[in-house]
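The block underneath contains the structure these notes are about, expressed in structure tokens.
Every number here is computed from the coordinates shown, using simple stated rules; none is lab data. Since this is a predicted model, take the numbers as computed values, not measurements. Glycine gets a Cβ as well: all are built from the backbone with ideal geometry, and neighbour counts include every protein chain shown.
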Amino acid sequence: MAILLLADPGLVLDPGFQLSALATAGLIAWGSRLARWLDRIGRGRLPAWLAPVQCVVMGITDRQSAYVESLVEALKNQGFRAVSDLRNEKVGFKIRDHTLQRVPYLLVAGDKEVAANQVSVRTRNGKDLGTMSLQAFTERLRIELNSRGRTVLED
């Protein structure tokens, strides 16, 4: 803005410019406060399209590490915000940890899932969505992200 004012000092007198400068300053000043307020009132339960991490992929043992990494890579290549959890902890502890962090989807891969090329999917509310292929999960997540929380009542 300073460059604009140096180039054309007459902009200071323009009410449209004053209003846009005021709006821009307000957004800059209140943007982070608004994000913190939204996080606080929702207790961290941001919808999947706003969540910083949309899904966490975890293995039960170290044997699934390569499969977990390949799933995360596939999810990232499709534009999802996914991370892996390869810590040497019990699965229940990992699930509880990520549930407290309010991650929308938890994907668990064990030996059965690796053999079937699938994942077990849970929501942050603890609802078990069952075992599904990665393609089925990405379709489900893509639909949720595209709807951005809006639901269609009539077709």
**Asked** Nearest-5 percent of antiparallel DSSP beta bridges in the chain?
**Response** 50 percent
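Would you mind calculating the relative contact order of region 55-147 from Cα pairs under 8 angstrom and at least 6 residues apart, reporting the percent as a whole number?
About 28 percent, as a whole number.
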**Asked** Along each of its three principal axes, how wide is the spread of alpha-carbon positions in region 91-135, in whole angstrom units, largest first?
**Response** 30, 19, 13
**Asked** Hey, what angle do you get for helix 65-77 against the long axis of the chain, alpha-carbon based, 0 to 90 degrees rounded to 10?
**Response** 30 degrees
**Fill in**
Charge tally for neighbours of Lys94 with beta carbon under 9 Å away, counting Lys, Arg as +1 and Asp, Glu as -1, is 0
**Complete:** At R0 = 30 Å the Cβ-Cβ FRET efficiency linking Lys90 and Asn117, nearest 0.05, sits at 0.75
**Message:** Apply the a/c threshold of 1.5 to the C-alpha gyration tensor of the chain and tell me whether it is rounded, prolate or oblate.
**Reply:** prolate
**Request:** For Asn125 and Leu100, calculate 0.36 nm times their separation in residues minus their Cα-Cα distance, and state this gained length in nm to one decimal.
**Result:** 8.0 nm
**Request:** List the pair-distance distribution P(r) of region 55-147, using every Cα-Cα distance, as the percent of pairs falling in each 10 Å bin from 0 up to the bin containing the longest distance, rounded to whole percents.
**Result:** 17, 56, 25, 1
**Request:** Could you list the GluC sites (Glu not before Pro) in region 52-155 that lie in coil according to DSSP, counting only those with at most 14 other Cβ atoms within 10 Å of their Cβ?
**Result:** Glu89, Glu154
